[in-house]
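Working notes, structure below.
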Amino acid sequence: MSDTNTPPPEAPKFQYAHSPSFPVLLEQLGISLAVTTYQAGKLMLVRAEQGRVSTLLRSFEQPMGLALSERLDRLIVGTRRMVWTLASAPEIAPQIEPPGRHDACFVPRAAHVTGDIRGHEIALAGGKIWIANTLLSCLCTLDDERYGFVPRWRPPFVDRMVAEDRCHLNGLAADDGRIRFVTALGATNTADGWKENKVQGGVLIAVASGELVARELCMPHSPRCHQKRVFLLNSGEGHLCVVDLANGKLTTVAALPGYTRGLAFFGRFAFVGLSRIRESNIFGGLPITERLPEAERKCGVVVVDLVTGQLVASLFFEAGCTELFDLQVLPGMRFPTVVGFQDQTLDGILIAPPTAWQAGGVATSGAAAGATAEERR
């Protein structure tokens, strides 16, 4: 799938290795994963079948944030200048080639043009799509079609909305229908001001009060509320952490072999994205680069047992991508698919309300047969 009219670039050749426990765990839990890599321009579905990992790639322009609705009927994908809504179409899934293999299917249904707001994480809360609008240092929603976005909140230390990436607002945590926390790489109010103290300038902010709940973080990402606790990734350290909201202290749950970014949970398990960062103006001098030599840094997904803090499964990419951004667990979907634009499958998927098919002898299944083209990237 591509959100531009230009031919997609040649698909990178993805190669990966996984621990034997990785597909076993996915099968035992009855889940699969959706993963974005803006560096390779792909949305990836990671699935397990008979003890082996199977992946499906779909092309997007710099995909980053991912959100899954509570009803599991919408997957939201943020890209460079658009936000895509992929709707669940369970009636289509059995018809995708090979017939009967897929138990879930997402079909592109809407695309909202935001412009290049450097949108990072996305969440669904209160019936709205919320975005960490990094370029303009604010949270915004997409609930008005007249505008690319509607600003809703900005940190109290940012005095106005201006396209200067003043604090690198990047992550957001939703809970009980509201956005509760955000992460930023600095409590700064100048253009790219966060870059001056990236090693210990990061903050976790409570949205309701504007309070800096935690300070002196190292490039934090992916705040999440889970089991009445608040987690985040202290990315520059390569750590998965839990936050004590009373005093702002971080407790490291696990130290991981990469730049941590992208976090999702299923019960006692945390699924964490890793990126194999290289020395650069942005990533140079971080603790993770001092703790691990470049050859030992990984790109992939690891699974951490929250009870023991142990890494219990891993999937590492050896070629095709070096950075991940976000991931989501797809509960109850063992072998899902996403219909793309690069073949004719989408042409044969005609979905309308059941009543629309009742006149003129049209079948009332709510979906036309024809989703039979072979899956392609």
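Run down the lysines and flag those whose C-alpha is under 17 Å from the C-alpha of residue 249, throwing out any fewer than 8 positions away in its chain.
228
Taking the simple approach of a point 7 Å from Cα along Cα-to-Cβ for both residue 164 and residue 200, what is their distance in nm?
2.6
In terms of Cα to Cα distance under 30 Å, which lysines are near enough to residue 13, apart from those fewer than 8 places away along the same chain?
In chain and number order, the partners are 42, 298.
According to a simple spin-label model (label point 7 Å from Cα along Cα-to-Cβ), what is the distance in nm between residue 252 and residue 175?
Distance between the two pseudo-spin positions: 2.4 nm.
Let's test the formula: R0 of 25 Å, r as the Cβ-Cβ distance of residue 91 and residue 28. What FRET efficiency results, to the nearest 0.05?
Given R0 = 25 Å and the Cβ-Cβ separation, E is 0.35.
How much length is gained on full extension from residue 209 to residue 152, taking 0.36 nm per residue of separation minus their Cα-Cα distance?
19.1 nm
What is the list of residues in the range 292-317 whose amide nitrogen lies under 19 Å from a point 7 angstrom out from the Cα of residue 13, following Cα to Cβ?
Once the point is set 7 Å along Cα→Cβ of residue 13, 316-317 turn out to lie under 19 Å by backbone N, inside the range 292-317.
What ranking do 267-273, 328-334 get when scored by the average of other Cβ atoms within 10 Å per residue, highest first? Don't skip to the end; give the middle numbers.
Values: 267-273: 21.4, 328-334: 18.7.
Output ranking for 267-273, 328-334: 267-273, 328-334.
If we sort 229-238, 210-219, 302-311 on the protection proxy, mean other Cβ atoms within 10 Å, highest first, what's the order?
229-238, 210-219, 302-311
Cβ neighbours within 10 Å, averaged per peptide: list 54-67, 100-113 in order, most packed at the top.
Working: 54-67: 21.9, 100-113: 17.9.
Those peptides, ordered most packed to least, come out 54-67, 100-113.
Any chance you could list P(r) for the range 162-276, counting all Cα-Cα pairs in 5 angstrom bins from zero, rounded to whole %?
2, 13, 23, 26, 20, 11, 4, 1, 0
Once percent of Cα pairs over 38 Å apart is worked out from the coordinates, which option in [x] 16; [y] 24; [z] 12 does it equal?
Correct label, based on the coordinates given: [x].
Readers should treat all values here as calculations from the given coordinates under stated rules, not as data from a laboratory. For clarity, every value in this text was computed on a predicted model and none was experimentally measured. Quick reminder, even Gly has a Cβ in these numbers, built from the backbone with ideal geometry, and neighbours come from all protein chains shown.
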